Structure formats: structure tokens, C-alpha cells
Amino acid sequence: MTVNEWMYSPGILVYLAGALYVAGLVTINQIVLRLLILTGTSVYILYYATVAATPLWEAIYVSVMIGTANLIGLSSLLARRSRLAVPRAHADIYRDFPPLPPGDFRSLMKLANRYKVDDERQVTTEGTAGSRLYYVISGATRVQKGDNEFIMPPQFFLGEIAFLIGQPSSASTWLEPGAEVLEWRFEDLRQKCKRSSRFRLALEAAISVDLARKVARAIGPNSVRPRPPVKSMVADELMFS
């Protein structure tokens with residue numbers, strides 16, 4: 001067989017499909033991986049249809065099933081990353097959760113109760129184990145840690161330390177009138193985390209970003225509005241949840 005004959009023979013399709021599979025398996029990006037595997041599967045189907053006088057229907061059927069399963073997974077992956085997955089009711093706060101892909105943000109919001117408080121409401125008690133995680137969307141939060149008291153601006157989690165490691169709250173906190181919050185039950189979040197490791201990692205990433213912001217606020221205390229009398233504030237005073 002000459003080079004030209006080999007180049008135009010069905011056998012070249014096997015090498016092409018194999019190369020696409022190998023390229024996909026060494027690719028980290030899940031979307032690119034699935035696209036390469038899907039293309040490779042299509043090439044295999046073409047090979048099975050032309051290699052013999054009669055198409056190899058059994059191999060074609062199996063390849064079609066593999067390709068269909070891959071296509072479903074790809075569609076699900078694209079849907080999770082699409083902004084269309086962001087629920088309209090919470091689209092205004094999606095930018096507050098930068099580590100969360102749209103699909104995981106949607107899952108998190110399904111478990112949340114969003115509301116505003118008309119009167120001052122205590123949400124954590126120092127030394128007491130909590131059962132709920134909060135995210136303050138807007139409004140102020142009064143924090144009392146020992147003899148120190150200060151006001152925190154919005155856009156931060158409350159109760160995240162208790163949720164992550166089960167420790168009692170290290171400060172008492174009150175939502176001031178007009179504050180808007182998201183509220184989750186620990187039990188609901190933990191059950192969801194058990195069912196989806198991807199969701200758990202995304203939620204932990206969001207909480208980690210929040211903890212980093214609190215440390216930054218501690219380093220730059222001008223971003224926190226004090227309420228007299230206030231003692232000197234250090235980083236651990238902000239880790240009050």
C-alpha cells in the first residue's frame with residue numbers, strides 16, 4: 001500500500017480518532033475534553049460505517065450510545081456554567097459569590113430563605129453552637145465579642161465557622177433594622193454537600209473568600225464603622241462566626 005492509498009484508507013480514521021481520545025484525556029478543561037472525545041467518537045462511527053462492505057452496526061450503535069451519554073454530560077456542564085442558570089430572584093447578588101459557577105449558585109439559592117428584618121434580630125450568641133448560616137446582603141450588623149462591640153458593613157457570612165468545624169459562635173451578632181439576609185439551615189447544606197462534592201467545594205471556596213475579606217477588613221479597620229466604646233480591633237475579632 002502506497003502512502004497515498006494509506007492516507008485515504010479507512011484505517012487512518014482509527015489513528016485520528018485515537019489521537020483525539022488521547023488529546024482529550026490529557027486535557028484538564030472538562031468542556032474541551034468532552035468535545036475532543038465526542039469528535040473522536042464521531043470519527044470512530046465513520047470508520048465503522050466504511051471499513052467493511054457492510055457497516056458494523058453493533059459497533060456503531062455502541063458508539064452512538066457513548067456519544068449520546070457524552071453529549072448529555074457536556075450539555076449539563078454547559079448549563080451549570082451558563083448565566084441562564086442564575087435565578088432571576090437572586091441575579092442582583094450573584095456577583096457577591098465569585099467562586100460559585102451559576103449552576104452551583106442556583107443550587108445554593110434553592111436552599112436559602114431571603115428576607116429583610118424590620119426589628120433588630122439576634123442571629124448568633126457567643127459560646128452557643130449555631131444551626132444556621134447567614135449571608136448579609138445589605139444593612140448593618142452589630143457584633144459583640146467579649147467587651148468589644150462594633151458594626152460590620154454588609155456582604156459577609158455569619159455562622160460560617162460553626163458550619164465548617166462545628167465550633168460555638170465566638171461572638172454575638174444582631175441584624176439591625178432594614179438588613180436583608182440569606183439564611184440556610186446547616187442540615188440542608190450538609191446534606192447537599194454529601195450528595196455533591198462539587199457543590200461542597202464551591203461553597204467552601206465562597207466561604208474562604210469571605211474569611212479573606214474579613215482578615216483584610218481587620219488589617220484596614222477604617223472599613224469597619226466602630227460603635228463606642230470600642231477597644232483595639234485585631235484580626236481574630238473579625239473571625240466572630
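How would the stretch 67-210 be classified by its alpha-carbon gyration tensor: rounded, prolate or oblate, with rounded meaning a/c under 1.5 and the a/b versus b/c comparison settling the rest?
The shape class here is prolate.
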Top mean-square fluctuation among ARG88, ARG132, ARG80, Gaussian network model of the chain, C-alpha springs under 10 Å?
-> ARG88
Here the FRET efficiency for GLU126 versus ARG198, based on Cβ atoms and R0 = 45 Å and rounded to 0.05, is 0.85
Please report the Cα spread of the chain along all three principal axes, rounded to whole Å, starting with the longest.
-> 92, 31, 30
What area, in nm² and to one decimal, does the C-alpha convex hull of the stretch 1-144 cast on average over all directions?
-> 14.5 nm²
For the stretch 25-58 versus the stretch 140-174, the gap between their alpha-carbon centres in whole angstrom = 54 Å
Cα-based convex hull, the stretch 117-181, per residue volume (Å³, whole number) | 69 Å³
Sum -39500 (n - 2.57) across every DSSP H segment of at least 4 residues in the chain, then divide by the residue count to get the 222 nm mean residue ellipticity, nearest 500.
-> -15500 deg cm²/dmol
Rounding to the nearest 20 debye, state how big the charge dipole of the chain is about its Cα centre with +1 on each Lys and Arg Cβ and -1 on each Asp and Glu Cβ.
-> 180 debye
Under a Gaussian network model of the chain whose springs join Cα atoms within less than 10 Å, the largest fluctuation of TRP174, TRP57, TRP184 belongs to TRP57
Based solely on C-alpha atoms, express the radius of gyration and the Dmax of the stretch 82-134 in angstrom.
-> 14.0, 42
Volume per residue (Å³) of the convex hull spanned by the alpha carbons of the stretch 61-109 is 69 Å³
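Every number here is computed from the coordinates shown, using simple stated rules; none is lab data. Every value quoted in this text rests on a predicted model; they were computed, and no experiment measured them. As a convention, Cβ positions derive from the backbone with ideal geometry for all residues, glycine included, and neighbour counts pool all protein chains shown.
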